[in-house]
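Working notes for the structure below.
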Amino acid sequence: MKFDTPLVQTTFNSPLGRVIVAATDQGLAGVWFDGQRHLPDMSSWRVDDWHPVLVRAVQQLTEYFAGRRTVFDLPLDLHGGTAFQQSVWHALLKIPPGHTTSYGALSSRIGKPAAVRAVGAAVGRNPISVIVPCHRVMGADGSLTGYAGGLDRKTALLKLEGAAVRPQAAGQESLV
């Protein structure tokens, strides 16, 4: 993840832990759970609890976690990723709440059916968790697969959205 423009950040506590939210002048550029994999170095980012995009993002995320919002209305800045990553992230935005898709189906949707592993890597590097719904992507067999924020959070997000999740053998989970 490469951010070549200045970012501002704020944090808030969600039911799933502390969340870091970041924005550029163009829009929301990041939503990460504390301790999430691929967390960028934020040491040079200024804290701005009153930045208009951050205020709206925190408000909408709070409504989402309370079950009062399913769709987000925020300007997004996805320029921190490559053109390929951005195409994957835009495809993620088309997965409706309560629905899931597989990495293979997502690969086909962007016109790269053989790029399943690359799509998986791009999904894993999604900088705007929850809002760009990478948690809605499952394994080919419907199983819960990696989530940079942790499988417990992925399960909680899917349940919040009304997707039925059932336990599997060996502590894994899959969608019903």
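List pairs: first residue in segment 107-136 and more than 25 Å from Phe72 (Cβ to Cβ), second residue of a type in the set (A, V, I, L, M) and buried (at least 19 other Cβ atoms within 10 Å of the Cβ) anywhere in the structure, Cβ distance under 8 angstrom, at least six positions apart or on different chains. Once the first residue is more than 25 Å from Phe72 (Cβ to Cβ) and sits in segment 107-136, its partners that are of a type in the set (A, V, I, L, M) and buried (at least 19 other Cβ atoms within 10 Å of the Cβ) give Lys112/Val119.
Figure legend. Inter-residue proximity from segment 1-15: first residues without any contact (Cβ under 8 Å) to a residue 24 or more places away in the chain, second residues among the aliphatic types (A, V, I, L, M), beta-carbon distance below 6 Å, spacing 6+ or different chains. Indicated pairs: Thr11/Ile20.
Residues of segment 46-92 that are under 22 Å from Pro15 (Cα atoms), touching a Leu at 6+ places or on another chain (Cβ under 8 Å) and either at pLDDT below 95 or β-branched (Val, Ile, Thr) (or both): Val53 alone.
Of the candidates Leu78, Leu28, Leu16, Leu54, the single residue that is surrounded by 14 or more Cβ atoms within 10 Å (Cβ to Cβ) and touching a His at 6+ places or on another chain (Cβ under 9 Å) is Leu78. Checked against (1) of a type in the set (Ser, Thr, Tyr); (2) at pLDDT below 95; (3) surrounded by fewer than 21 Cβ atoms within 10 Å (Cβ to Cβ); (4) within 15 Å of the chain's Cα centre (by Cα), Ser143 meets all criteria but (4).
Screening segment 14-117 for helices (runs of 4 or more DSSP H) wholly inside it with 1 or more residues that are among the acidic types (Asp, Glu) and out of contact with any Ser or Thr (no Cβ under 9 Å at 6 or more places or on another chain) returns the ranges 52-65. Can you tell which of Gly27, Gly17, Gly35 is out of contact with any Leu (no Cβ under 8 Å at 6 or more places or on another chain), modelled with pLDDT of 95 or more and on the phi > 0 side of the Ramachandran plot? Step by step, each of Gly27, Gly17, Gly35 is checked, and only Gly17 is out of contact with any Leu (no Cβ under 8 Å at 6 or more places or on another chain), modelled with pLDDT of 95 or more and on the phi > 0 side of the Ramachandran plot.
Entry remark, segment 27-36: residues being farther than 16 Å from Trp50 by Cα and more than 12 Å from the chain's Cα centre (by Cα) number 2 in total. Filtering segment 93-139 to residues that are polar (S, T, N, Q) and either over 28 Å from Asp34 (Cβ atoms) or at pLDDT below 95 (or both) leaves Thr100, Thr101, Ser102, Ser107, Ser108. Just one of the listed residues (Arg125, Arg109) is out of contact with any Leu (no Cβ under 7 Å at 6 or more places or on another chain), over 26 Å from Ala22 (Cα atoms) and basic (Lys, Arg), namely Arg109.
The values are calculated or read from the model by the stated rules, or taken from the named source; none is laboratory data. The structure displayed is predicted, hence computed values, not measured ones. Neighbour counts are summed over all protein chains in view; Cβ atoms, including those assigned to glycine, are modelled from backbone coordinates with ideal geometry.
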